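**Student:** This is the structure I want to talk about, given as structure tokens.
The values are calculated or read from the model by the stated rules, or taken from the named source; none is laboratory data. Since the model is a prediction, treat every value here as computed from it, not as a measurement. Glycine gets a Cβ as well: all are built from the backbone with ideal geometry, and neighbour counts include every protein chain shown.
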Amino acid sequence: MRAMKPPRERESAALRQARKGWRIQYVDSASSIRLAEQALARAEPGGDRPAEAWALLTRGFHRMRYVSPREGAAELRRAQQCFARLSDRRGEILATVGVARCEWMEGRFRESLDELLPLRAEALAVLRHEERAMFLNGIAGCYSAMAQSAQAFAYMYEALRESSAVRDHGFDVVLYCNLAHELYQLGDYYEALSYLKEGIARSDRLHNARLASVLRTNRVVCLTDLERAGEALADIEAVLALPGEAERRGPSGPAYETMAIAALRAGELALGRELLQRAREALPHERLPDARVELVVGEAELLARQGDPQRAVECLEAARPLQTEGLSLRAQCLYFQRLADLHEALGHTPEALRHMHTWQQLHTERARLASQARYQAASLQTELLRLQHERDEIDARQRATERAKAELEAINLQLQQKVREVEALQAELQQRAVRDALTGLFNRRHLNDVLPSMLALAQRDGQPLAMVIIDLDHFKAVNDEYGHQAGDVVLRAFGELLHRRMRKSDVACRYGGEEFCLLLPRTSAVAARRKVEGLLKEWRGASFDFPSGRLASATFSAGVADTAVVAASPEALLNAADRCALQAKRLGRNRVVVADVP
């Protein structure tokens, strides 16, 4: 049953303050806790129980993030008791979400999930949009920590949809951050970076330094693991420049150990040493296992950079007891890869091979989980059918009693929830399977899937099929002179050009790096050349302004082949177009070469 909101005129000033503090906790964390404290001061103990309950709820979530999960849980249990006395199930469930989150932060993932799952149907009926998103995100975090990524993704995408109607409350930014975290744990760094870019852009509208810190720290992780630690230095500087909070301790503090590893690998030893010192000072407070292992890896990294690989190995070997339950596969991979590298540098070949073998096993498991998350939709479909069957059985029963009606309602709620989970996961997986994230064009996998069928159709109809390979000229020079972000801008712009100029029947793919491939049905090589020369003319007129300078013009080299002049097989057609593109580059670039056409 939905919680009834008291009439507006009955709300006290303290209650209005407390509720506002709750609403803006992600938008402006400092103002949120200030309003909660003011509401508690105005509400005499036991005199204004609604105000006291909402203020305790807000303060509990704040202390969970900024002090410690233990202190946060104590406040949240007080809030639970207040809401229970008021018969306010909405507030009571929200306090339970907070308590479960505290358990999660202490590594008790199963206990946290056991708190939340029995409340799922009631929570989705009673809570409001962003509150439902918080509840769903809590379940997702538990599944994530238990390495059940498919379930975690399903709940996170559903939570993102729930928060979309109230984006100004800031919780959607939290979800972008969490989605990115789950993606990079599975090794999908580029997709994670796209979510982080969106989250950071939206966080700029908020007054929440801690959330901005976590987003940028996650981007540091992605860039470091992609061996682009130098690019992460800007994010480290931004995190260190963020305004301080009134309470700087607690498990949600800046991940100095993560930033230290990036700084050291970027060659910034002084900065890395300073960040490690800050991480050591934070160590006495409760931290998740990943943070403890990253600190040890950072210490070893510093010793190695200072020319003492033997002590670095000893530092890592002494940390074996840290390999505890709750440690992510990414953190384990980080640990064993560094240990193997150091043994190799010392000439300890057997030890290096042993640790590299462990790393390979962990990496394989990480890839398996990523694959499981990608294709887990099938198992969700099976559960969906099971729920449908149960609903049909209940529908057929006599509905004379209230108990039968309650059962039907519960099954319907489960079915609707599972439908949303499946739709969200399937839509996301389908797009990721065939689309290039940067340009929005199809990817090479899609090309391999459609080329044989398009070729067979062309042969059956007696119509030509043209293939074009396009290679952007001097693209490496663009990256070297203007930076990788500039290169991404150029690639996106070329993708947009192809989107505008291609017919609906054409297939445009990003073939790899700066190479693109076009499939043009019912088009001869001569007609394809005219079309590609038109693209080249328009591309020459493009210009780009970057912080480091201006790119006045751009060109490409292209090769064209069609089924009328090349042996009719996918490989022959592709190889012919590729050879022509290579010939175009040898002839001086900025041109189109056609196979076997004078």
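**Student:** Sort out which residues of region 543-558 are touching a residue at least 40 places away in the same chain (Cβ under 8 Å), of a type in the set (S, T, N, Q) and not in a strand (DSSP E or B), and write them in order of number.
**Tutor:** Scanning region 543-558 gives Ser548, Thr555.
**Student:** Is it the case that Gly230 is part of a helix (DSSP H, G or I) and over 17 Å from the mean Cα position of the chain (by Cα)?
**Tutor:** yes
**Student:** Also, quick follow-up: Can you tell me which residue is surrounded by the most Cβ atoms within 10 Å (Cβ to Cβ) among those in region 559-580 that are part of a helix (DSSP H, G or I) and hydrophobic (A, V, I, L, M, F, W, C)?
**Tutor:** Ala577
**Student:** It is to be established whether one or more residues within region 581-588 are among the hydrophobic types (A, V, I, L, M, F, W, C), part of a helix (DSSP H, G or I) and under 16 Å from Leu447 (Cβ atoms).
**Tutor:** Taking every residue of region 581-588 in turn, at least one turns out to be among the hydrophobic types (A, V, I, L, M, F, W, C), part of a helix (DSSP H, G or I) and under 16 Å from Leu447 (Cβ atoms).
**Student:** For Arg586, state whether it is more than 25 Å from Ser194 (Cβ to Cβ) and free of Cβ contacts under 8 Å to residues at least 12 places away in the same chain.
**Tutor:** Taking the combined requirement at face value, the residue satisfies it.
**Student:** Also, I was wondering about something else. For region 300-347, enumerate the residues that are of a type outside the set (Ser, Thr, Tyr), part of a loop (DSSP other than H, G, I, E, B) and modelled with pLDDT under 90.
**Tutor:** Within region 300-347, Ala318, Ala319, Gln323, Glu325, Gly326, Leu327 meet the criteria.
**Student:** Out of all the residues in region 52-79, which are surrounded by 24 or more Cβ atoms within 10 Å (Cβ to Cβ) and aromatic (Phe, Trp, Tyr)?
**Tutor:** Matches in region 52-79: Trp54, Phe61.
**Student:** Quick one: is Arg101 more than 22 Å from the chain's Cα centre (by Cα) and among the basic types (Lys, Arg)?
**Tutor:** Spelling it out, it is not the case that Arg101 is more than 22 Å from the chain's Cα centre (by Cα) and among the basic types (Lys, Arg).
**Student:** Please tell me if Leu86 is among the hydrophobic types (A, V, I, L, M, F, W, C) and either out of contact with any Asp or Glu (no Cβ under 9 Å at 6 or more places or on another chain) or buried (at least 22 other Cβ atoms within 10 Å of the Cβ) (or both).
**Tutor:** So Leu86 fails the test.
**Student:** State whether the residues of region 467-477 include one that is in a helix (DSSP H, G or I) and among the aromatic types (Phe, Trp, Tyr).
**Tutor:** So far as region 467-477 goes, yes, one or more of its residues are in a helix (DSSP H, G or I) and among the aromatic types (Phe, Trp, Tyr).
**Student:** Check whether at least one residue in region 495-508 is part of a strand (DSSP E or B) and crowded, with 16+ Cβ neighbours inside 10 Å, and report yes or no.
**Tutor:** yes
**Student:** For Phe153, are the conditions met, namely being in contact with a Cys (Cβ under 8 Å, 6 or more places away or on another chain) and touching a residue at least 60 places away in the same chain (Cβ under 8 Å)?
**Tutor:** Taking the combined requirement at face value, the residue does not satisfy it.
**Student:** Of all the residues that make up region 433-464, how many are surrounded by fewer than 14 Cβ atoms within 10 Å (Cβ to Cβ) and modelled with pLDDT under 85?
**Tutor:** Residues that pass the stated criteria total 1.
**Student:** Still on this structure: Name the residues in region 254-276 that are of a type outside the set (A, V, I, L, M, F, W, C) and surrounded by fewer than 22 Cβ atoms within 10 Å (Cβ to Cβ), would you?
**Tutor:** Arg265, Gly267, Glu268, Arg273, Glu274
**Student:** Limited to region 107-119, what total is found for residues that are out of contact with any Ser or Thr (no Cβ under 7 Å at 6 or more places or on another chain), in a helix (DSSP H, G or I), crowded, with 18+ Cβ neighbours inside 10 Å and free of Cβ contacts under 8 Å to residues at least 60 places away in the same chain?
**Tutor:** Matching residues across region 107-119 total 3.
**Student:** Within the set of pairs 6+ apart or on separate chains, which have a first residue in region 451-479 that is closer than 13 Å to Gly559 by Cα, a second that is among the acidic types (Asp, Glu) and in a helix (DSSP H, G or I), and C-beta atoms under 6 Å apart?
**Tutor:** Note: pairs meeting the criteria are Ile469/Asp578.
**Student:** Residue by residue through region 120-131, note down the ones that are surrounded by fewer than 20 Cβ atoms within 10 Å (Cβ to Cβ) and not in a loop (DSSP other than H, G, I, E, B).
**Tutor:** The answer is Arg120, Ala121, Glu122, Leu124, Ala125, His129.
**Student:** Could you give me the residue pairs with C-beta distances under 9 Å whose first residue belongs to region 515-542 and is at positive phi, whose second residue is surrounded by fewer than 19 Cβ atoms within 10 Å (Cβ to Cβ) wherever it lies, and which are 6+ apart or on separate chains?
**Tutor:** Correct list of pairs: Arg522/Asp461; Arg522/Gln463; Arg522/Ser505.
**Student:** For Arg49, indicate whether it is more than 26 Å from Cys142 (Cβ to Cβ) and free of Cβ contacts under 8 Å to residues at least 40 places away in the same chain.
**Tutor:** The answer is yes for Arg49.
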